Amino acid sequence: METGSEGTADRAASVIGAGSGAGSGSGASAGSAPAIEAVGLSRSFGATQVVVDASLSVAAGEITALVGPNGSGKTTLMLMLATLLRPDSGAIRIAGHDTITETAAARAALGWMPDVLGSWDSLTVRETLLMACEMYGIRGGSAHARTDALLAATALGPLAQQRTHTLSRGQKQRLSLGRALVHEPRVLLLDEPASGLDPEARIAQREALSRLASEGVAILITSHVLDELEQLVTNAVFLREGRTVPAGAGTVAVAGAVAVAGGRSPAEAAEEAAEPTIDWRIRALDQATLERALTELGVAWTARASLAGSHCTVSLGGDARAAELLAALVARGVGVVEFSPASGLLERAFVGQRGVGLGGAGKAQTASGNSEAGS
């Protein structure tokens, strides 16, 4: 288990100031052009087209998730945004700078954290951060002060003299984030930043990233752990088969539950998103009473067990139907203590992009009292 991560967010807040580093002065302020903007990107490797048509934008102070299945082109897209791979077509601007014609300025404004830390095995943790400072023109006393601050912010102080090849996966992730923050960038590109972190370190990282966003840093983050992303991000971009979905927009507002996509109004998008059938989790003071009431109401249910105790899952079409069922259960005297979607918003939205409903495994109890296998 990773140790020493407690208080990382507070320490990070004291050393990651908005607009005081090498990248300052080049970021987009709130209300101006997006801090990250990509339009019509494509990229092929030989005859294989990995990214077909990808567009996205992230404003200053936003945390946006890039979500897609394996092989969808996420890593290739992130590498193009990080100026490490040239797109075959399309345009990218980082903090207002074109990544092709103003590459140095774009790099000065962004921090890049890859999925796997590339490091010099012979260097210590401290030497790695000092080397990163040197690369961004931070030298002398300023480099040592910045390194000390980042060691504290990432809870790597006790490991400062340890060779990087001896670090655990989680410790390397913390070092990688520290390295990305050396020059106080206005844009952060993070590829699976929580991979390998223990629960305490994950919480500290989420708090630190939220604080950075509150200071105006634009953050684009990839992860396959959608429930965890949902606790952090304010928007999401879906990537499937090399295309952002929907093409040219691809952004959903997590905080508002539904996105404006393809020119639809928020009301239209909300109405459309409420239609698909999704699974709901219902937990009551008495499981038998809940099961009996659901059967009497003609609602098919599946009994399940979890850390919170026994509960039922039911498939319902839309929020209005869920509200009606909750009211009916309460009217029948069922002591409902939990009534919520069985999966997170990002997961439902992601699965919805491929037109597949969320099915549950297990034994489904029908209203007639018969059992049938779940999908």
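On inspection, Pro158 fails the criterion of being under 23 Å from Ala82 (Cβ atoms), of a type outside the set (A, V, I, L, M) and in contact (Cβ under 8 Å) with a residue 60 or more places away in the chain. Considering region 281-308 alone, what residues qualify as being within 11 Å of Glu338 (Cα to Cα) and either of a type in the set (Lys, Arg) or within 31 Å of the chain's Cα centre (by Cα) (or both)? Of everything in region 281-308, those that are within 11 Å of Glu338 (Cα to Cα) and either of a type in the set (Lys, Arg) or within 31 Å of the chain's Cα centre (by Cα) (or both) turn out to be Arg281, Ile282, Arg283, Ala308. Sort out which residues of region 117-136 are modelled with pLDDT of 85 or more and hydrophobic (A, V, I, L, M, F, W, C), and write them in order of number. The answer is Leu123, Val125, Leu129, Leu130, Met131, Ala132, Cys133, Met135.
When you check Thr103 against the structure, is it assigned by TED's automatic domain parsing to the domain that holds Leu197, surrounded by fewer than 22 Cβ atoms within 10 Å (Cβ to Cβ) and in contact (Cβ under 8 Å) with a residue 24 or more places away in the chain, yes or no? So Thr103 fails the test. Screening Pro114 on (1) surrounded by fewer than 20 Cβ atoms within 10 Å (Cβ to Cβ); (2) under 25 Å from Thr48 (Cα atoms); (3) modelled with pLDDT of 95 or more shows it passes everything except condition (3). So, of the residues in region 75-104 that are part of a helix (DSSP H, G or I) and touching an Asp or Glu at 6+ places or on another chain (Cβ under 8 Å), which turns out to be nearest to Ser55 (Cα to Cα)? Of everything passing the filter in region 75-104, Met78 is nearest to Ser55 (Cα to Cα). Annotation note: of Leu209, Leu188, the sole residue that is under 15 Å from the mean Cα position of the chain (by Cα), at pLDDT below 95 and over 15 Å from Arg169 (Cα atoms) is Leu209. Residues in region 106-119 that are farther than 27 Å from Gly46 by Cβ and either outside any helix (DSSP H, G or I) or outside the structural domain of Leu56 (by TED's automatic domain parsing) (or both): Leu110, Gly111, Met113, Leu117, Ser119.
The values are calculated or read from the model by the stated rules, or taken from the named source; none is laboratory data. It should be emphasised that the depicted structure is a prediction, and the values quoted were computed from it without experimental measurement. Here Cβ is always computed from backbone atoms with ideal geometry, including for glycine, and neighbour counts include all displayed protein chains.
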